[in-house]
Amino acid sequence: MAVAVAADDQPEDVAAAFAYLRAGVVGDFDTAGAIADDTGPEQLHRLLVEVAARVFIPVTAEDDRDAEPCAHSFLAAALGRLLLELLCHGVCLANTPGVARTIILFTDNILTEDGDVAGVLRQLEAAGMKQAMEAHPADRPTA
């Protein structure tokens, strides 16, 4: 499972986006608010939209190499259920909490089998941090 980050995203940007998501998973609104204040609402919204795009697109991409049913064959129905759930709960994708909630719901409904949303988010964050560190080698701490 991979999540690509934008070339200009610093490791602290990736960490902030995933910290905000983890706070949302556990309902820690104080931490989420502090992260949003520190990062800035427009910056955090941009980061979360990037995370969403880079999580959703690879997972939902069709495998057209053969005509045999595969895991991707069943994603349309799962995504439809997710979108209905979002509509039922009135989630607004134009604001930061809405984007975060969408990522969390997608992770829970599509990427986890055992309900360990926080664990999957940790894996995605590790992949994003690795990419950010590779994109910004001068920012690496030295021992």
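The values are calculated or read from the model by the stated rules, or taken from the named source; none is laboratory data. From a predicted model like this one, the values you see are computed outputs, not experimental measurements. Here the Cβ is made from the backbone with ideal geometry for all residues, glycine too, and neighbour counts use every protein chain on show. Ligands, DNA and RNA are stripped out before the accessible areas are found, and what is left, the full protein with its side chains, is counted by its heavy atoms. Shrake-Rupley method; radii C 1.70, N 1.55, O 1.52, S 1.80 Å.
Which value, in Å² and to the nearest 10, is the accessible area of F56 when all protein chains are kept and the probe is 1.4 Å?
Surface accessible to solvent at F56 totals approximately 50 Å².
Give me the net charge of D108's neighbourhood, meaning all other residues with Cβ under 11 Å from the Cβ of D108; Lys, Arg count +1, Asp, Glu -1.
-3
In nm, to one decimal, how far is the H136 label point from the D37 one, both placed 7 Å along Cα→Cβ?
2.3
D38 accessible area, nearest 10 Å², 1.4 Å probe?
Its heavy atoms expose roughly 140 Å² to the probe.
Can you tell me the FRET efficiency between Q10 and C92 if r is taken as the Cβ-Cβ distance and R0 is 41 Å, rounded to the nearest 0.05?
About 0.90, to the nearest 0.05.
May I ask you to compute the full-extension gain from A118 to D28, defined as 0.36 nm times their residue separation minus their alpha-carbon distance, rounded to one decimal in nm?
Working it through step by step, the gained length comes to 31.1 nm.
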